Each structure stands twice: as C-alpha cells, then as structure tokens.
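Engineer: Take a look at this one; I'll ask things after.
What follows draws every value from the coordinates through simple rules; no lab data is involved. None of these values were measured; they are calculated from a predicted model. So basically every Cβ, Gly included, is an ideal-geometry build from the backbone, and we count neighbours across all protein chains shown.
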Number of protein chains: 2
Amino acid sequence: MTLNSALDQAYDTSDTGFAPIADVAQARRSRKTPSRMKAVALPGDGIGPEIMEAVQRILIAGGARIDWTVCDAGASADAKGAASGLPSETLDEIAKAGMVLKGPLETGVGTGGKSANVTLRKHFELYANVRPARRLPGIITPYMDRDIDLVVVRENVEDLYAGIEHMQTPDVAQCLKLITRAGSAKIAEAAFAVAKADGRSRVTCASKANIMKLSEGLFKTAFEDVAATYPDIASDHMIIDNLAHRLVMSPEDFDVICTTNMNGDIISDLTAGLVGGLGLAPSANLGARMAMFEAVHGSAPDIAGKGLANPTALLLAAIMMLRQGGKLASAERIEHALYVTLEEGEDLTADMATPRGSKPASTEAFADRVISNLGRRSQACPPAPKSSLKLHDGPAQTTAVSAKTDRSDAGVDIFVEFGGGPAELASCLKAAAADLPFTLAMISNRGLKVYPGTVPMADFADHWRCRFASRAPQDDLPEQDLATLMSRISNFARWCHVERLQMMDGAPGFSVAQGQ
Amino acid sequence: MTLNSALDQAYDTSDTGFAPIADVAQARRSRKTPSRMKAVALPGDGIGPEIMEAVQRILIAGGARIDWTVCDAGASADAKGAASGLPSETLDEIAKAGMVLKGPLETGVGTGGKSANVTLRKHFELYANVRPARRLPGIITPYMDRDIDLVVVRENVEDLYAGIEHMQTPDVAQCLKLITRAGSAKIAEAAFAVAKADGRSRVTCASKANIMKLSEGLFKTAFEDVAATYPDIASDHMIIDNLAHRLVMSPEDFDVICTTNMNGDIISDLTAGLVGGLGLAPSANLGARMAMFEAVHGSAPDIAGKGLANPTALLLAAIMMLRQGGKLASAERIEHALYVTLEEGEDLTADMATPRGSKPASTEAFADRVISNLGRRSQACPPAPKSSLKLHDGPAQTTAVSAKTDRSDAGVDIFVEFGGGPAELASCLKAAAADLPFTLAMISNRGLKVYPGTVPMADFADHWRCRFASRAPQDDLPEQDLATLMSRISNFARWCHVERLQMMDGAPGFSVAQGQ
C-alpha cells in the first residue's frame, strides 16, 4: 500500500471532518476499505472536456475514490443523433449511479428548443437547485471585504418553467405560472436540510406573495408550515424585490434563501455575481433519487481546446458532490487546497490572474498547483459542512386528490378575443347568458375591471376575462349549459380559455380584478 | 419684481439647459411670464408629509413655478372611508392635473388587499415605470468608484401583475402571465424615448425568451420591431438572469434597460441597491395622459413626525417631474444643489450622515442646506437630459381584433384534477373521446410529458394537462362535442381549465411539453 492510498483511506473513511496527517498511521493499520462512490461524468461541450479532466485529476490526487462512468451529452451527443442531447445510455447510467458531475451542455439544433439541462432536471425530478455564493480569497469584486457566505435554494421544476404557453389572441400571449403545495413543501424541506447539513442558522423565504396571493402565497404558506417543524433554525420571509435590493446592499446578512424557480433564477445569478461571477459558481441539482453537480458557466467555445479554461466552478461543484456522497474529509482537503491556491495567486488561469496583474497559467498548471497544495490549510476556507445533505423523499409519485377540501362551483371565467369596447361586450354577454344558469358578474382587461362600473382610463387588449357567476352554488358545473353559452359567445367573439371558479372550504379559489 | 422671481423666470423659460446667472438681466427685461405647471401632491402616510413639505420648499426656492393641489391618499384616506385609499376627488384632481408627486402610501385595511399604488398605475395606464440608478456623490456603497448611470424602464401594468389567479386544485395554484404585443411595443417606445430625451446611446431588452418562447418571446419581438425604428440608438438583448449577474459585476456597462413587469420589479430594486438603496431612489410612472413621480421607499412609521426623514428620493422624483413638465433649467439647478450638498456632506440626514461619520441633521436642516447651495454647480452631477420625455400616445383604447391572422383550431388542452396515475388517466380519457372528433395527443404533469411514451422519474401533482387534437383542422371548435367530452371527464376527474389550441398563420399558438 502506498502512502497515497493510505492517505486516501484516512480521508475517505473520516466522516467527521478534516483528518490530520497523524491519522495516517492508524488508517494504514486499519484494514477497512473506504467505500468507492459511483458517479457519471458528462464532460459536455466546448471547454467541458478539459475542465473535467483537470477536476478528475484533482479529485484523484485529493483522495476521493470515485468509479467514474464517462457519458455523452449535449451538442456532441445531439450531433450523433440523440434528440435533446441525451442518449438513452446516458440516462440509464445516470439512473444507475444517482450521482453526476456535469460540464457545460450546449443546446443542439435537433432538440426542438428544449434544453438538455432542463430535461435532465425535469426527468429526474431534480427539484432543488442549490447555489452557494461564498467569497473566494483573492478574487477581486466590489464585495471582497464582505463576509459573504450564503446559499440560494431554488425550486427547480415548476413555476413558469413548466413552459405551458398559449397564444390567447395573435397579440396576447399567456404562460401559466403553476405552484404546487407539495413542490413548495419539498423545496422548503431542502432549504432546511441545507441549513442543517451546513450548520447554518437561518432560512429566508423570498416570494411575491403580496401580489400573487394564491400562487406565491401558496409557496409562502407551504414554507411556513415546514419552518414550524424546524424550531432550531430561524426563518423569515422577504418580498423578492426587496431581497434583490438587500442582497446588493448587505449580502453578508443572508444565510439560506429559499425561493421559486423564476425568481430564484435571477437571484442565484445575482449572488454568483457578488462573489466573482458565473465562471466561479458551482451548482447542485438535487432530487430524492439523483444528484447532479455542475458549473453554472457556458461552454465558452471561443477558448475550447486551448487549455485556458478555469476549472474552479466545476471543482467547487465536485466538492459539493463529494459531500453529498459522504466524502466530507476529501472534500474539505480539496477545498482547502483550492482556497490556498486562490489566496496565494500562483498559476491562476487568465480570468483570475489578469485582474490581479499576475501571469496567467494553463488549466493544467492551475490543476497542478491545486494538487501541490493538497494538505495545506487555508484561513479563508469556509467552515466545513457538518454532515452530508440528505433530502427527504418526496410524496409518492402520484398525490391523491385531497378529499377533505369542501368544494362547490361558483361559476366560470371565459376569456374571449373581442375587438369592441367593454359596454358592447357586456351587452352581448348578458344576452348570451339570459336563459342560462349564469350571470355576468365582471369583465376585466389585463386584470383591470372594466365592467360593471366606471371604465378606467386604460388601454385595452383584445383579450377579455368575462366572469360568470353561477345563479346558485352548485356541486357540478353544468357542462351542457356552459357549452351553450360558449357556442353563443362564438357568434360575436372567439373564446380562447375557460377557468372553473371553485369555492374551496367556503373561500374563493380565484382572485378578484383590480378595482373590483 | 424681486431678484428671486427674475431668477425663477430665467430658469423656467429656458428650455435648453442650465441658464447662467448672466441671463438674469435679460430675463428681468423680458416680460414673458413662464408657464406655471399644475401638479397634485399626495403627501401620503408616515414620513410622507414632512418630506413632501421639504421638497416643495426646495422646489419653490429653486425657481420651479408649480400650482400645487394637495390631496388625500393612502391609509389616512382609507381611514376616512375611501376604499383602496383613493378618494374620488383625488382621482379627479389627478386626471385634471396629469402630473402627480406622490409620497409613500400604505395599503389600508379596507382595500381588500389591493394597493393604492397598483390601482393608480392601472387606472391611469401608467405603463412605464422609469427607475434611474445613478451614483450619488458621497453615498458609500461597494460601487462608489464606478460610474453607474443607468435607467430601468419597466413595463408596469401587465405580466403576472394582472393578478389573475385560479386554484386549479386545493394543492395547485395558477397565476396567468399575460404579455400583449401593444403593451410590449409601448414600453419599448418608452425606453427609446428615455434614451432620446437623456441623450443615451443604448437600450438593452432583458427577457426570459429562451424559456418562455411565446410570452417573453412576444416581448422581445415587439422590442426588436420598435428598435428597428431607432437606427441612431444601439440595442441588444440579454437573458434576465444574466442581466442580474452583469449588473452586480459591471453596472457601469449599462445604459437603458427595458424589461417586463415582474423581472423589472426585481431588477429595478437591485439597481437601486447598487447606488445606495431604496431610501435614495426616485421613480416615475408614466402614461400617455398622466405622469406620477414618487420615492420608492416606504412610509417609515417608526420615524414619522420626528423630522429625521431623508427627502432625497422624493426630491429626485420631483426633479424628474420638473423635466417631464419642461422645466429643464430649474430641474438642473436643483439637481446641482442636491449633488453639491451630498458631495460636501454638511447637514445630511442620519441615514446618509452616520455611514460617513458626520453629525446627522434634521429633514428641515437638510432642505435648508440644499436651498443654500442653489446656484452652485457640482462636478459629479450627471449630464442633464436634453429634452423633456414625450411618450407616444398608445393605440386607441380598444385594439381591433387582428383580421389578418389566418386561424384554425388544432384542439384543446383540458386541465383536470385526478388522483391516479398517467396510464389510468390516459385510458379513461381515450374512452371518453372515442366517438368524438378529438384524439388524446398528450398528457403532461407540471409541464413534463407523461403520455405517450416513457413515464419520467418525477413526482406528480394532482393537476394534469390533457391535450386533445382535433381529428381534422377546423375553423370552429364544436362546443357541443367539447361539452360532451368535458361532461364525460367529470365522471372520473374534475376539469378546472380549458385552453383552445389555435393555429395562427400555420404555426402552433401553443407550446409543446418538456420531453415531447
């Protein structure tokens, strides 16, 4: 047994943190073989292969014992005929290993516009996007004197990213923002799990619940329900725009931030910018059954193959992966070596060297420098996580319909395309509903009530929401009467969209219009 | 005639920029009386009245001739019985004057949760929210050595803020994101108008068109159509998350940013944070018929009435208002006096004085200091706008339905609540449609295709999108057949939402699912 492999064992078998050199002798004596971790490497496109090679080299030197399976993905796989850049063998290997280190993937031409990244997240229910933003030593930013150490936990599969869009009229487009209670609870659980694993003390929920009371409100409520089960971790709520404001004013005040998909997309790139940019930002995409770690940056085709790329972001992602796999000690060892390298500033790649006025080094030289610093400890290195992150299994694949909610139908919203004004439309709609069990209750245009009452000084789109109240509360909406109404509406307007108005436990499951 | 009123005239009659003192004699000789500007002041709640008083005093001293009408609004008006905090007399006066300077308004208890701010914007079609972010001299921020001088032009009335929400099931909430071509074109026009008035050279459109190809895509397309008509102003596009990243990395690179409502909400608070925070941030809400200027900050009830509040944000808003009203010279005079005051740091309010280690002054003393600096010129003051901002009138109140788009119906999406799995649902749906002119084409859950083909490793909500294709392309969807289908679906699931699938000029006016 070489010293190196003894060292490997010393690090890999330690689950409690950094193993000092003194433990090596003991490791050598103990015959316990550390478990090897299985992982799929997706080198990806552009600079992907060269940074992956550098990172794998550092991981081996750092004592992380990993059985790698290298698979095709991205534009290169797409070019070989795999639609969406994901060959089925790749998906199979990922499902087997449950752990992926991913380089940048380009969206190929044969994907119908669907990105391999999004498809991977959706397909494996990688519902938690964990994006740490920590000040890196020696990286020059406006915040380099601030103690930034936060994590954004972004919901990763629902919200506007479900991508459900319908042209309502040739001039009005609609995208559905969908928020589920289970999805919101799961991401809240993930945020608290991150806080626990990292030994963090506060989780901030960020939402726009003040405006979107039902959808963002559901997210906030689900978060609060979960927060109540973690009495040892503080929690609070912040309006998302205020969060963006506070993050650039005093980022050191934040710990864990939990937010919805679209808002989290913006916020997590903002926080990456605070500590040096996407070129240095790692990301984890976690689900109950699979975890994927990646650099956030693109494939940088302009410098691909030249040995100039910075592998730091992918290395930070790999360190997250080691921790996920329980390799806390080797993760810490490698992280310290990286921080020492950044601190001392020798052999940095051009993107990091140039702002410091030092001489740029190659990807390979940088990796060599990190390797040569293995075993050294950095003063700037953040506190090591206390344990691996364990995400709760979510609910079963299919959530049973909640039987306990008392329901009745209050009516329908029918969205129509109409070229006239609100008075004309109201009169046509009233005539259409006259002998039917529906009463015209309200018309709004772009969310603003235009009937009944004063017509506001606003411009109108050719897209109107027409709210019909059921004459009497009903258990079941009469589809045939509705069809008659819709068919009559078709004589003067084009209906494009119908929403059932449900009362749930006596409260309206729908919003009222501005001005109503 | 006093020297002061002669000065007033000298400044107010000049439309071309700063009027040097030498012009005073000429102004005294000319008998031309400068036009007085009408404006409504809404002091609002909390610190509103005291900062409004300070700002009005500075405006008078600065030679801005304004006929003020002071009106009730906000929680105080709400307490007197005006629902949504907006008495009808206030709305009438605003409509008459067309120009408003607004203090912070609290959302009162009797408003049904609708904010007076949002209602004002919607009611008067204040579609453009203009939020400048300029480095202020002496204000300590991480970016104080950066030349930040940008403007965010945020669409202000549509998008998710239409607030159209429907609970789809007790556990799935939906908010409609609605983007119109006319609304998008108008905000793009406003962004270019800002660029022209300010003598700026570039407008950046920020969107998430890469994911939301129809809705955010429509915004981007409309922007590009408008940009083509401004060959003298450069334009580009940036993905919104990348914009957030670039803004914290290199905010000095930006000029005018044009974006949608929700994204703009986050981005404009971010940019305010870069230059000192919301406490110093002015905002204009502009429409073709009315303009409202406000501080972005809240009513700060904890310090209300104590004479401690900082009137800078409201003063910057008032300066924007003067420019809108054509009072370019007095605006510039007051802006220089403010910048000189901030530069020199005497008599600053506590929020600005404390970080600089200087002695805090009262609201009144700060206003006195600005007044005493009138006539002095600041080196740090940004270049003065070249002309007043003139927004194009939008289209007529009602947009006629576009007759030129060739349309046919491709089918329907029926969204249902169902507690079973995808195979069971598919089999029920196929049976329901068997003898009808619809074929089950696809089922998706949270945007991910679950039928036909492999069921992905994902969690399912109890909310399913069931896509039925028309057996043959049709001009009119047969409502009675649809009713039969919906009524049969009601036997095993609860439908909550129907979307018509329209072909527009031969292209689908709807998105496909992830994995489809």
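Engineer: Longer than 24 Å from Cα to Cα, which of A:K449/B:K220; A:K404/B:K449; B:K186/B:K208; B:K186/B:K220; B:K213/B:K449; A:K177/B:K220 are they? Say none if no pair is.
Structural biologist: A:K449/B:K220; A:K404/B:K449
Engineer: Would chain B count as rounded, prolate or oblate if I go by the C-alpha gyration tensor, calling it rounded below 1.5 in a/c and otherwise prolate when a/b exceeds b/c, oblate otherwise?
Structural biologist: Prolate, because a/c is 1.5 or more and a/b exceeds b/c.
Engineer: From zero up to wherever the largest Cα-Cα distance of the protein assembly as shown sits, split into 20 Å bins and tell me the percent of pairs in each.
Structural biologist: 13, 41, 34, 12, 1, 0
Engineer: Please give the helix A:422-433 orientation as an angle from the longest Cα principal axis of chain A, in degrees from 0 to 90, rounded to the nearest 10.
Structural biologist: 70 degrees
Engineer: Determine the shielding of peptide A:440-450 by partner chains: average, over its residues, the number of Cβ atoms on other chains within 10 angstrom of each Cβ.
Structural biologist: Per-residue shielding by partner chains comes out at 4.
Engineer: Once the Cβ-Cβ distance between A:A95 and A:S388 is put in as r, and R0 is 25 Å, what FRET efficiency do you end up with, to the nearest 0.05?
Structural biologist: After rounding, the FRET efficiency stands at 0.75.
Engineer: Name the shape class, rounded, prolate or oblate, that the alpha-carbon gyration tensor gives for segment B:66-180, where a ≥ b ≥ c are the square roots of its eigenvalues, rounded holds for a/c under 1.5, and otherwise prolate holds if a/b is larger than b/c and oblate otherwise.
Structural biologist: In terms of gyration-tensor shape, oblate.
Engineer: Helix-derived [θ] at 222 nm for the protein assembly as shown: sum -39500 (n - 2.57) over DSSP H runs of at least 4, divide by residue count, nearest 500?
Structural biologist: -10500 deg cm²/dmol
Engineer: Relative contact order for segment A:200-269: what is it in percent, counting Cα pairs under 8 Å that are at least 6 residues apart?
Structural biologist: The value is 48 percent.
Engineer: In nm, give the distance between the simple-model label positions of B:A472 and A:S427, each being 7 Å from the Cα along the Cα-to-Cβ direction.
Structural biologist: 3.9 nm
Engineer: If you take the square roots of the eigenvalues of the alpha-carbon gyration tensor of segment A:403-516 and sort them as a ≥ b ≥ c, do you get rounded (a/c under 1.5), prolate (a/b over b/c) or oblate?
Structural biologist: Since a/c reaches 1.5 but b/c is at least a/b, the shape of segment A:403-516 is classed as oblate.
Engineer: Once R0 is set to 45 Å, what does the formula 1/(1 + (r/R0)^6) return for the Cβ-Cβ distance between A:N242 and A:N491, expressed as a FRET efficiency to the nearest 0.05?
Structural biologist: E(calc), rounded to 0.05, equals 0.40.
Engineer: Within 10 Å of each Cβ in A:500-509, how many Cβ atoms from other chains are there, averaged over the peptide?
Structural biologist: Mean inter-chain Cβ contacts per residue within 10 Å come to 4.
Engineer: Nearest 20 debye, what's the magnitude of the dipole of chain A about its Cα centre given +1 on Lys and Arg Cβ and -1 on Asp and Glu Cβ?
Structural biologist: Charge dipole of chain A: 1020 debye, to the nearest 20.
Engineer: If I take R0 = 30 Å and measure r between the Cβ atoms of B:K359 and B:Q379 in this structure, what FRET efficiency does the formula 1/(1 + (r/R0)^6) give, to the nearest 0.05?
Structural biologist: With a Förster radius of 30 Å, E is 0.75.
Engineer: A follow-up question, please. Once each part is reduced to its C-alpha centroid, what is the distance from segment A:135-204 to segment A:284-320 in angstrom?
Structural biologist: Their Cα centres are 19 Å away from one another.
Engineer: Next question, about the same structure. Restricting to Cα pairs below 8 Å that are 6+ residues apart, what does the relative contact order work out to for chain A? Please round to a whole percent.
Structural biologist: It comes to 16 percent, rounded to a whole number.
Engineer: Cβ under 10 Å from B:K449's Cβ, B:K449 left aside: what net charge do those residues give with Lys, Arg +1 and Asp, Glu -1?
Structural biologist: Local net charge: +3.
Engineer: Still on this model: Roughly what angle does helix B:215-227 make with the longest principal axis of chain B, taking Cα atoms, 0 to 90 degrees, to the nearest 10?
Structural biologist: 50 degrees
Engineer: Now for a different question. By how many nm would the segment from A:A434 to A:T229 grow when fully extended, if each residue of separation counts as 0.36 nm and the alpha-carbon distance is taken off?
Structural biologist: 68.6 nm
Engineer: With everything on Cα atoms, drop me the angle between helix B:240-249 and the longest principal axis of chain B, reported from 0 to 90° to the nearest 10.
Structural biologist: The answer is roughly 30 degrees.
Engineer: Could you give each residue of segment B:381-389 its phi-based ³J(HN,Hα) in whole Hz, using Karplus coefficients 6.51, -1.76, 1.60 with θ = phi - 60°, and x for Gly or Pro?
Structural biologist: After applying 6.51 cos²θ - 1.76 cosθ + 1.60, I find 4, x, x, 6, x, 7, 7, 5, 7 Hz.
Engineer: Mind ordering A:302-310, A:53-61 by average Cβ neighbours within 10 Å, highest first?
Structural biologist: Going by the mean number of other Cβ atoms within 10 Å, highest first, we get A:53-61, A:302-310.
Engineer: Applying a 10 Å radius around every beta-carbon, put B:413-421, A:432-440 in order of their mean neighbour count, most first.
Structural biologist: Ranked from most to least packed, the peptides come out as B:413-421, A:432-440.
Engineer: Let me confirm one metric for peptide B:489-495, namely the mean number of other chain beta-carbon atoms within 10 Å of its residues' beta-carbons.
Structural biologist: The per-residue average across the peptide is 2.
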